[in-house]
Amino acid sequence: MPAHLRAIRCHEVVPDLAGWVLTEGTVPQSSPHEILSERIKHLLLRWAVNAGRTVKVGRDLALRWDQAHPRLGVDPDVYVVEPPPPEGDRVKSLRLWQEGHVAPFLAVEIVSEGHPYKDYRVAPEKYAVCGVGELWVLDPDLFGPRAEGGPHRIQIWRLVDGALFTQVHVGEGPAWSDAVQGWLHLPPEDPWAFALSSDEAGQQRWLTGEETAVQREEAAVQREEAALQREEAALQRIAELEAQLARGPSGR
């Protein structure tokens, strides 16, 4: 493992019983943060449809893992759970000691200016303890503290053998995600323009459901315009032939 990457042994993490308490209120989010969270959510929803996966994709759902200390928790900006909890969209929180509640196989944290330490240090430890399969920590504006080795535009953490939560990517993109089998992009020239793609170069970009519908609509319009152009060209050719016949041999 490269020296600049970190690894957390899940069983060695000591939860902060006071600092890890999950408050009931939601933390206010800036507009870019909100927009990016929604974009990632809708990209993952479309990914699930295309991949034929039965999952629940959502935002800001409380995740709790310790029945003895039920106030401990984390609320990912975006999460993907497979299989979905029995309550479906009515679920209020994931309580991993309840039947049918499992840890997300993917969680996403977007670094905020007001709480960068939380996303760089505390979040990976929490996700290590609760058994999340993969974590993306995205820092578009590079708010991350230098004390934690930052800032880094993209971090990817992955659970290995159920015991080691390993930082497998840190730095700029593109970055490979095992969870969705695709590449993450946060282009430096427009770091809030998050994208997922099938290829490392980012040419085969994934679309949200809305973007897919728009693309299909545009393609239909283009096909209609092309058909009209062919029809107009055919009518023009017919008119030319008719005019030529009308002139007769002497009109040549």
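Would you point out the residue of the stretch 196-206, among those that are of a type in the set (A, V, I, L, M, F, W, C) and touching a Leu at 6+ places or on another chain (Cβ under 8 Å), that is most open to solvent (accessible area, probe 1.4 Å)?
Within the stretch 196-206, the match that is most open to solvent (accessible area, probe 1.4 Å) is Trp206.
What number of residues in the stretch 204-233 are modelled with pLDDT under 80 and basic (Lys, Arg)?
Summing the residues that are modelled with pLDDT under 80 and basic (Lys, Arg) in the stretch 204-233 gives 1.
Can you tell me which condition Asp141 does not meet? The list is (1) of a type in the set (D, E, K, R); (2) more than 19 Å from Leu63 (Cα to Cα); (3) not in a loop (DSSP other than H, G, I, E, B), and all the others hold.
(3)
Can you name the number of the only condition in (1) of a type in the set (A, V, I, L, M); (2) loosely packed, with under 10 Cβ neighbours inside 10 Å; (3) at pLDDT 85 or above that Ala246 fails?
Ala246 satisfies every listed condition except (3).
What are the pairs, 6+ residues apart or on separate chains, where a residue within the stretch 82-99 that is polar (S, T, N, Q) has its Cβ under 9 Å from a residue that is open to solvent by 70 Å² or more (accessible area, probe 1.4 Å) and part of a loop (DSSP other than H, G, I, E, B)?
The qualifying pairs are Gln98/Gln67; Gln98/Pro86.
I need a count of the residues in the stretch 90-123 that are open to solvent by 40 Å² or more (accessible area, probe 1.4 Å), touching a helix residue (DSSP H, G or I) at 6+ places or on another chain (Cβ under 8 Å) and modelled with pLDDT under 95.
Count: 2.
Where the second residue is of a type outside the set (D, E, K, R) and in a helix (DSSP H, G or I) and the first is over 11 Å from Gly58 (Cβ atoms) and lies in the stretch 30-46, which pairs have Cβ atoms under 9 Å and are six or more apart or on separate chains?
Between residues of the stretch 30-46 that are over 11 Å from Gly58 (Cβ atoms) and residues that are of a type outside the set (D, E, K, R) and in a helix (DSSP H, G or I), the close pairs are His42/Gly209; Arg46/Gly209; Arg46/Thr212.
State the number of residues belonging to the stretch 136-159 that are crowded, with 22+ Cβ neighbours inside 10 Å and in contact with a Lys or Arg (Cβ under 8 Å, 6 or more places away or on another chain).
Counting residues in the stretch 136-159 that are crowded, with 22+ Cβ neighbours inside 10 Å and in contact with a Lys or Arg (Cβ under 8 Å, 6 or more places away or on another chain) gives 2.
Yes or no: Tyr127 more than 17 Å from Leu186 (Cα to Cα), open to solvent by less than 10 Å² (accessible area, probe 1.4 Å) and without any contact (Cβ under 8 Å) to a residue 40 or more places away in the chain?
So Tyr127 fails the test.
Report yes if some residue within the stretch 161-180 is touching a Phe, Trp or Tyr at 6+ places or on another chain (Cβ under 9 Å) and open to solvent by 50 Å² or more (accessible area, probe 1.4 Å); otherwise report no.
Within the stretch 161-180, one or more residues are touching a Phe, Trp or Tyr at 6+ places or on another chain (Cβ under 9 Å) and open to solvent by 50 Å² or more (accessible area, probe 1.4 Å).
The values are calculated or read from the model by the stated rules, or taken from the named source; none is laboratory data. Since we're looking at a predicted model, the values are computed, not measured. We place every Cβ from the backbone using ideal geometry, glycine too, and count neighbours over all the protein chains shown. The area values use the complete protein model at the heavy-atom level, side chains included, leaving out ligands, DNA and RNA. Shrake-Rupley method; radii C 1.70, N 1.55, O 1.52, S 1.80 Å.
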